[in-house]
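Just below is one structure, and these are the notes that go with it.
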Amino acid sequence: MKTKVALTGNEAVAQAMKQINPDVVAAYPITPQTEIVQIFSSFVANGEVDTEFVAVESEHSAMSAAIGASAAGARAMTATSSQGLALMFEVVYIAASMRLPIVFPVVNRALSGPINIHCDHSDAMGLRDSGVIQLYSENAQEAYDNMIQAVRIAEHPDVQLPVMVNMDGFITSHAMDVLEVLDDETVRNFVGTRVPLDYLLDAQNPVSMGNFDMYEFYFEHKRQQTEAMKKAKEVIKEIGKEYAKISGREYGLFEAYKLDDADVAVVVLNSAAGTAKGVADELRARGIKAGVLKPRVFRPFPQDEIREALKGVKAVAVMDRAETFSTCGGPMFADVRNTLYDLKNDIKVVNYIYGLGGRDLRLEDVEKVFMDLENIRKTGRVDETVKYLGLRE
Amino acid sequence: MNFGSGTRTRVVKADMKWYELTKAGNIYEPGNANSYETGDWRSIRPVWIEDRCIHCLFCWRYCPDASVIAKDGKFEKFDYKHCKGCGICAKVCPRNAIDMISEDEIEKAKEANKDEN
């Protein structure tokens with residue numbers, strides 16, 4: 001049974017966590033994620049879930065407690081944003097290398113400094129290379145759906161990795177949105193019970209986890225992590241199909257919006273994809289063949305699939321809501337441009353840094369990007385590879 | 001391939017390929033530190049002086065690496081394959097029956113002997 005409800009992104013994620021009913025949640029509040037754990041802790045207090053809620057003293061401890069619980073055999077979760085994720089940094093790598101299927105929503109917020117509480121993706125991009133799977137959500141519906149699928153993806157025997165479910169701070173987390181939620185039983189049946197391959201509380205089969213690696217082993221264990229990431233792509237698609245059967249909404253590695261015959265395309269994550277799709281529709285009415293590619297999975301990066309999806313496009317703009325300070329563009333730009341290089345067909349790929357620290361992305365901004373692309377397509381000339389959108393300059 | 005499958009491989013060796021090793025380096029066999037030789041970390045070596053030894057076994061008790069081998073309640077030998085040369089045994093010995101000798105000096109002496117032969 002499906003029910004249409006009005007919830008904020010945070011409420012939708014808390015609702016998903018309630019229906020998943022994890023064994024352990026260890027979390028610390030931080031804007032704009034606070035509501036998730038606040039609402040979830042009320043579910044715990046009211047006996048609506050069986051979860052052991054650990055109110056820890058920091059995000060470093062939150063992930064550490066989740067690691068301990070997950071290694072012991074529990075289905076464990078945490079949640080955070082921005083500085084909290086930064087403080088968690090060290091242990092996120094450990095969760096990934098120990099191959100623990102911890103699911104954690106991250107409500108994307110700019111990293112200090114200057115101190116700021118609003119949306120950008122610098123927090124998640126900081127953990128880009130940590131070995132966790134990163135899912136991105138355009139709206140509350142996707143955040144809810146991603147949370148439920150994340151559990152299955154993380155725990156799949158071929159994967160066994162943490163999954164970070166991202167959504168935009170305030171824009172998605174605090175805005176009321178209409179979405180469809182599943183009933184508790186459907187979610188319960190979909191996520192099932194965690195069947196750990198190895199767990200510390202298995203007295204019959206003692207195991208030692210998180211061991212010290214010298215140079216003889218570290219490299220091989222890193223290679224195993226890469227293999228798990230590779231396998232995750234198929235698993236994510238399979239679980240997306242299975243989820244479609246219970247929800248009517250199918251998820252793949254990315255959404256290709258009007259890309260089939262597109263001349264110009266924008267690649268963008270999270271909520272800004274909604275804005276971009278709206279602008280693409282308007283431009284199509286004016287005869288411009290505009291399309292949008294919205295990665296749902298950023299780690300692992302769906303390279304072959306994105307190359308295939310963009311091969312017919314003449315000019316592509318990658319929009320990054322994070323700065324790398326490499327002076328040659330944002331994090332997603334590097335990956336997308338690298339991906340398209342092998343086509344050897346002279347697709348022009350440019351980059352726009354936008355929305356840092358919660359700067360609004362307006363329809364006119366995206367329209368300007370598409371018009372720039374049209375100009376590049378017509379003239380074959382790129383004046384500036386990396387530009388800033390909505391910056392006073 | 002057992003990678004990620006949780007197969008409880010009992011043997012982990014340094015010449016195994018990445019997909020032959022246990023997932024995440026999990027260890028299913030207790031006491032496998034024995035198969036990892038740490039003796040080549042040593043720069044100074046404990047040498048037993050038999051006539052001073054009263055077999056109190058302080059060295060055996062204090063050794064952080066189980067590298068003092070005792071038999072029938074008596075000191076027998078050092079396990080040089082694992083001894084890292086920390087020198088704790090020499091420090092706690094009440095009879096100064098353990099000397100710490102530089103491995104370099106031992107090497108030099110060996111080389112000198114070779115030349116003579």
Using +1 at the C-beta of Lys and Arg and -1 at the C-beta of Asp and Glu, which of B:Gly39, A:Ile353, A:Ile30 has the Cα lying farthest in the positive direction of the dipole of the protein assembly as shown?
A:Ile353
Hey, how many Å between the Cα centroid of region A:31-87 and the Cα centroid of region A:174-227?
16 Å
Output for region A:179-253 (equivalent-ellipsoid semi-axes, sqrt of 5λ from the C-alpha gyration tensor, Å, descending) is 34, 20, 8
Classify region A:19-66 as rounded, prolate or oblate from the Cα gyration tensor: take a ≥ b ≥ c as the square roots of its eigenvalues, call it rounded if a/c is under 1.5, otherwise prolate when a/b beats b/c and oblate if not.
oblate
Tell me what chain A gives for mean residue ellipticity at 222 nm when only DSSP H runs of n ≥ 4 count, each as -39,500 (n - 2.57), the sum divided by the residue total, rounded to 500 deg cm²/dmol.
-13500 deg cm²/dmol
Centroid-to-centroid separation of region B:14-70 and region A:306-348 [C-alpha atoms, Å]:
52 Å
Give the cross-link partners of A:Lys311 among the aspartates and glutamates, using a straight C-alpha distance below 16 Å as the criterion and excluding same-chain residues fewer than 8 apart.
A:Glu255, A:Asp260, A:Asp261, A:Asp263, A:Asp335, A:Asp342, A:Asp346
Total charge of the residues flanking A:Pro300 in space, meaning their Cβ is under 10 Å from its Cβ, with Lys and Arg +1 and Asp and Glu -1, is +4
Please report Rg (one decimal) and Dmax (integer) in Å for the Cα set of region B:37-116.
13.2, 41
Would you mind checking the tilt of helix A:331-341 against the longest principal axis of the Cα atoms of chain A, expressed as 0 to 90 degrees and rounded to 10?
60 degrees
Considering the dipole of chain A built from charges on the beta carbon (Lys and Arg +1, Asp and Glu -1) around the Cα centre, which of A:Ala143, A:Val91, A:Phe254 is farthest to its positive end?
A:Phe254
Could you compute the FRET efficiency for A:Glu393 and A:Thr226, with r as their C-beta to C-beta distance and R0 at 41 Å, rounded to 0.05?
0.55
In the Gaussian network model of chain A, springs joining C-alpha atoms below 10 Å, which of A:Ala86, A:Ala55, A:Ala290 carries the largest mean-square fluctuation?
A:Ala55
Here the averaged projected area of chain A, based on the convex hull of its alpha-carbon atoms and given in nm², is 20.1 nm²
So which cysteines in the protein assembly as shown don't have a second cysteine's C-beta under 4.7 Å from them?
A:Cys119, A:Cys328, B:Cys53, B:Cys56, B:Cys63, B:Cys83, B:Cys86, B:Cys93
Restricting things to alpha carbons, tell me how big region A:254-389 is in terms of Rg and Dmax, in Å.
13.3, 38
Picking from A:Ile36, A:Ile115, A:Ile67, which is most flexible by a Gaussian network model of chain A using Cα springs under 10 Å?
A:Ile115
Cα-Cα over 32 Å, subset of A:Lys18/A:Lys294; A:Lys230/B:Lys81; A:Lys245/A:Lys368
A:Lys230/B:Lys81; A:Lys245/A:Lys368
Taking Cα atoms only, helix A:9-20 is inclined relative to the longest principal axis of chain A by an angle, in degrees rounded to 10, of 40 degrees
Which value, in debye to the nearest 20, gives the size of the charge dipole of the protein assembly as shown about its Cα centre, when Lys and Arg are +1 and Asp and Glu are -1 at the Cβ?
540 debye
What's the FRET efficiency of B:Glu103 with A:Ser208 using the Cβ-Cβ distance as r and R₀ = 35 Å, to the nearest 0.05?
0.65
Which listed residue (A:Ala62, B:Pro94, A:Phe212) has the Cα farthest towards the positive end of the charge dipole for the protein assembly as shown, taking +1 on Lys and Arg C-beta and -1 on Asp and Glu C-beta about the Cα centre?
A:Phe212
For the residue pair A:Val382 and B:Glu116, what label-to-label distance in nm results when each label sits 7 Å from Cα along the Cα-to-beta-carbon direction?
7.4 nm
In terms of Cα to Cα distance under 14 Å, which aspartates and glutamates are near enough to B:Lys13, apart from those fewer than 8 places away along the same chain?
A:Asp213, A:Glu216, A:Glu220, B:Glu29, B:Glu37
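Read the figures in this text as sums done on the coordinates, not as results from a lab. All values derive from a computational prediction rather than experimental measurement. All Cβ positions, glycine included, derive from the backbone under ideal geometry; neighbour counts span all protein chains shown.
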